[in-house]
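Asker: Following this message is one structure expressed as structure tokens.
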2 protein chains.
Amino acid sequence: MVRIFWAGEDSLPAGDRGAAYGDGLFETILMRGQQGALAARHLERMVRDAARLGIPITRRQLQEAYSQAVNRFGDASAAAPWVLKLVLTRGAGGRGYRPQPGMEPHLHIQASPAPSAPELSGVEADFSRVPLTVNPLLAGIKSLNRLEQVMAAREIQGELFEVIQSNARGELVEGSRTNLLLASDDGWFTPPLADLAVAGVMRQWVLEQLRARGEQVTESPILPEHVLGNGCRGFYLLNSVLGVVPVRRLAEQDLPVDGGLATICDPLQTLE
Amino acid sequence: MVRIFWAGEDSLPAGDRGAAYGDGLFETILMRGQQGALAARHLERMVRDAARLGIPITRRQLQEAYSQAVNRFGDASAAAPWVLKLVLTRGAGGRGYRPQPGMEPHLHIQASPAPSAPELSGVEADFSRVPLTVNPLLAGIKSLNRLEQVMAAREIQGELFEVIQSNARGELVEGSRTNLLLASDDGWFTPPLADLAVAGVMRQWVLEQLRARGEQVTESPILPEHVLGNGCRGFYLLNSVLGVVPVRRLAEQDLPVDGGLATICDPLQTLE
């Protein structure tokens with residue numbers, strides 16, 4: 001079974017392993033009324049990655065919790081989008097890092113207003129000084145171990161919308177809260193799954209949309225010179241809540257901007 | 001200022017960034033009565049590493065909280081050791097990963113009974129299948145991002161006391177909750193600080209004890225063959241609460257055991 005905690009009503013139990021070690025994972029889903037953008041994909045990712053961490057939850061249990069959350073927070077007549085956050089932890093107990101067998105997972109559920117959508121005319125980004133390290137065993141999991149992203153996000157000041165983190169090989173891997181997509185003369189490029197800290201639901205959906213339109217999309221490393229060089233036709237940040245965000249300026253260099261992809265791949269068109 | 005939460009009395013605020021992102025760090029201190037083993041070093045490490053994370057706390061503020069904790073939990077007449085855990089988080093607030101300027105840090109304080117000391121005759125260990133990745137910006141910090149250690153600790157079953165994690169170069173870096181020390185024909189060896197996920201207070205103290213006795217201690221990578229080869233004179237696990245733990249069997253191979261170092265470097269001799 002899974003024990004549900006409603007933010008604002010229930011307090012977090014002291015021994016929760018999410019708070020102690022970041023021993024859990026989370027999803028943020030863009031909602032309108034009682035519908036969620038790419039909701040099934042979010043729930044499927046959580047179940048799949050929970051299994052990788054050894055946290056037992058079934059698709060049915062999570063669906064049931066999601067339905068309760070939608071009924072509690074979703075006003076079918078309200079037009080303003082909101083964000084549903086699901087935080088699943090291994091539960092409370094164990095001796096230090098070592099979990100106790102048979103622990104009941106905790107699911108913390110909270111709702112908040114959605115941020116305003118970024119301008120289609122593009123945003124400013126810069127390179128982060130915080131390198132990104134990815135454990136191959138945890139690659140892609142939206143776990144609660146997000147200190148690298150927090151440290152990068154601290155660099156976001158003034159007009160800056162996002163910072164881009166690189167791995168030890170100097171490849172651009174991710175923004176602090178976004179996946180990357182490059183449009184170039186040679187087609188579309190995005191870093192491969194094995195390199196990612198977080199394998200975004202929006203990333204996967206956008207790749208499928210592009211491929212369904214016959215576009216060539218290659219999952220391979222992106223270097224700074226690929227984005228800043230002459231072959232760049234557009235550089236995009238992908239996020240489930242923010243959608244597709246074109247970058248108009250990177251590291252104080254102007255980039256070509258095309259808002260078309262953001263219009264085609266609007267997450268509010270995927271409400272289900 | 002720092003806001004203090006006493007485990008068992010105060011509930012964790014819903015927006016705590018420790019629970020959301022592992023945005024914080026912690027110390028566990030072995031206590032007897034109202035004295036703590038290497039207490040000053042623990043408090044100094046927390047203040048220093050908090051500064052690396054940009055979490056504002058002064059040595060004086062932390063000392064004051066420590067004194068309150070000792071007065072609350074420490075029974076001067078009781079002989080049984082206990083463990084004081086201090087969890088410092090960036091506080092509550094911010095937009096997603098990005099912290100809000102001027103947030104008040106949270107200090108969660110809890111006490112628990114100390115685990116029984118391991119046998120001087122040595123323990124069993126094995127190599128972990130969970131690789132260890134260390135972000136150079138966060139190296140050594142006992143942060144709340146401990147999912148790699150949790151995943152490794154899940155491998156500890158039966159008679160096994162610890163599992164040893166390696167980095168991408170195949171070097172032995174750390175146990176899930178311990179630093180490593182090798183005694184060999186060529187002197188003492190321990191992995192260098194830059195490679196460490198957690199730079200243990202006990203590790204540093206033991207190195208100083210050895211050097212004060214004129215022993216040659218080298219901080220350089222340790223390979224499996226160094227421990228399993230003929231030159232090994234002893235392999236030790238170091239932890240502030242457990243002390244110095246000799247390994248008598250690693251990956252089903254017997255190792256030479258000498259309990260002398262554990263006797264010399266007993267953390268309960270460092271109560272202050």
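The values are calculated or read from the model by the stated rules, or taken from the named source; none is laboratory data. Just so it is clear, the structure is predicted and the values come from calculations on it, not from any experiment. Neighbour counts are summed over all protein chains in view; Cβ atoms, including those assigned to glycine, are modelled from backbone coordinates with ideal geometry.
Asker: Do we find a residue being under 13 Å from the mean Cα position of the chain (by Cα), buried (at least 18 other Cβ atoms within 10 Å of the Cβ), away from chain B (no Cβ under 14 Å) and in a strand (DSSP E or B) anywhere in the stretch A:173-183?
Answerer: yes
Asker: What number of residues within the stretch A:69-108 satisfy the criterion of being of a type in the set (S, T, N, Q) and under 21 Å from A:VAL241 (Cα atoms)?
Answerer: Selection size over the stretch A:69-108: 2.
Asker: Return the residue satisfying two criteria in turn: it lies in the stretch A:84-95 and is outside any strand (DSSP E or B) and at pLDDT 95 or above, and of such residues it is farthest from the other protein chains (Cβ to nearest Cβ).
Answerer: Checked the stretch A:84-95; the qualifying residue farthest from the other protein chains (Cβ to nearest Cβ) is A:GLY91.
Asker: Give A:LEU237, A:LEU268 a once-over and let me know the one that is in contact (Cβ under 8 Å) with a residue 60 or more places away in the chain and surrounded by fewer than 15 Cβ atoms within 10 Å (Cβ to Cβ).
Answerer: It is A:LEU268.
Asker: Taking interchain pairs and intrachain pairs at least six residues apart, which have beta carbon atoms under 9 angstrom, with the first residue in the stretch B:40-62 and on the phi > 0 side of the Ramachandran plot and the second of a type in the set (D, E, K, R)?
Answerer: Going by the 9 Å Cβ cut-off, the qualifying pairs are B:GLY54/A:ARG154; B:GLY54/B:ARG90.
Asker: Looking at (1) surrounded by fewer than 22 Cβ atoms within 10 Å (Cβ to Cβ); (2) among the aliphatic types (A, V, I, L, M); (3) more than 7 Å from chain A (Cβ to nearest Cβ), find the lone condition where B:LEU107 falls short.
Answerer: Among (1) surrounded by fewer than 22 Cβ atoms within 10 Å (Cβ to Cβ); (2) among the aliphatic types (A, V, I, L, M); (3) more than 7 Å from chain A (Cβ to nearest Cβ), the lone unmet condition for B:LEU107 is (1).
Asker: Quick one: count up the residues across the stretch B:1-55 that are out of contact with any His (no Cβ under 8 Å at 6 or more places or on another chain), in a loop (DSSP other than H, G, I, E, B) and modelled with pLDDT of 95 or more.
Answerer: Number of matching residues: 7.
Asker: Then there's this: Which residue out of A:ARG98, A:ARG177, A:ARG129 is out of contact with any Pro (no Cβ under 7 Å at 6 or more places or on another chain) and either modelled with pLDDT under 95 or over 30 Å from A:VAL2 (Cα atoms) (or both)?
Answerer: Sole residue among the options that is out of contact with any Pro (no Cβ under 7 Å at 6 or more places or on another chain) and either modelled with pLDDT under 95 or over 30 Å from A:VAL2 (Cα atoms) (or both): A:ARG129.
Asker: Pick out the one residue from A:SER77, A:SER112, A:SER11, A:SER116 that is surrounded by fewer than 17 Cβ atoms within 10 Å (Cβ to Cβ) and away from every other protein chain (no Cβ under 14 Å).
Answerer: A:SER77
Asker: Among (1) farther than 30 Å from B:ARG95 by Cβ; (2) surrounded by fewer than 21 Cβ atoms within 10 Å (Cβ to Cβ), there is one condition B:ALA39 misses while meeting the rest; what is its number?
Answerer: For B:ALA39, the exception is condition (2).
Asker: Quick check on the stretch B:149-166. Is at least one of its residues modelled with pLDDT of 95 or more, assigned to a loop (DSSP other than H, G, I, E, B) and of a type in the set (Ser, Thr, Tyr)?
Answerer: There is no residue in the stretch B:149-166 that is modelled with pLDDT of 95 or more, assigned to a loop (DSSP other than H, G, I, E, B) and of a type in the set (Ser, Thr, Tyr).
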